[in-house]
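**Student:** My structure is below; once you've seen it, I'll send some questions.
Read-outs: derived from the displayed coordinates by stated rules, not from any lab. Since we're looking at a predicted model, the values are computed, not measured. So basically every Cβ, Gly included, is an ideal-geometry build from the backbone, and we count neighbours across all protein chains shown.
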Amino acid sequence: MSNSEKIIKYVKHNRVQLKTGKREESTKVLMEFFKELEGKSTGMRGFAVMDEIQDLQESVVLTFWETKEDMDKFYQPDNKAISDLVERLKPSLEQTPVRKDYRVAKFRL
């Protein structure tokens, strides 16, 4: 079993619907957010920021977690980092991000 299979057990799926022409700006904000967060969030093992190819107004952010408890703690409404990020993105958002939790059955790179 590879190292990544041992430590990535949960994924938070964040789907973001953006206003027309706002994707590049919002992707930049997300990348800055994760760069600042690097090494500071307990249990987060990585992330992916993905821009939908056909729908230029949709982006998906996946965060990868070791435990559900760490994931849940990070996404609590009182997490200042997340609430600040949402506030920064608010002018670009068509609607509030939609979040879903997943348990990883298998993860391999």
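**Student:** Once you have the Cα-Cα distance between LEU109 and GLN76, take 0.36 nm times their residue separation minus that, and quote the gain in nm to one decimal.
**Tutor:** So the extension gain works out to 9.0 nm.
**Student:** In segment 1-89, which trypsin sites (Lys or Arg not before Pro) are in a loop and have at most 14 other Cβ atoms within 10 Å, using DSSP for the loop call?
**Tutor:** Hits after loop and neighbour filter: LYS19, LYS40.
**Student:** With axes computed from alpha carbons, what is the tilt in degrees of helix 23-37 against the longest principal axis of the chain, rounded to the nearest 10 within 0 to 90?
**Tutor:** 40 degrees
**Student:** Also: For the chain, what is the calculated [θ] at 222 nm in deg cm²/dmol (nearest 500), taking -39500 (n - 2.57) for each run of four or more DSSP H residues and dividing by its residue count?
**Tutor:** After summing the helix terms and dividing by residue count, I get -9500 deg cm²/dmol.
**Student:** Can you give the angle from 0 to 90° between the axis of helix 80-89 and the longest principal axis of the chain, with both taken from C-alpha atoms, to the nearest 10?
**Tutor:** The angle comes out near 30 degrees.
**Student:** Same structure again: If you only keep lysine pairs separated by 8 or more in sequence, or across chains, how many in the chain come under 13 Å at the Cα atoms?
**Tutor:** So the count of such lysine pairs works out to 9.
**Student:** Rg to Rh ratio, the chain, alpha-carbon atoms and Kirkwood radius?
**Tutor:** For the chain, the value is 0.97.
**Student:** Counting only GluC sites (Glu not before Pro) that sit in a DSSP loop (anything but H, G, I, E, B) with at most 12 other Cβ atoms within 10 Å, what is the longest stretch of the chain containing none of them?
**Tutor:** Looking at the chain, 39-93 is the longest stretch - no exposed GluC sites (Glu not before Pro) with at most 12 other Cβ atoms within 10 Å.
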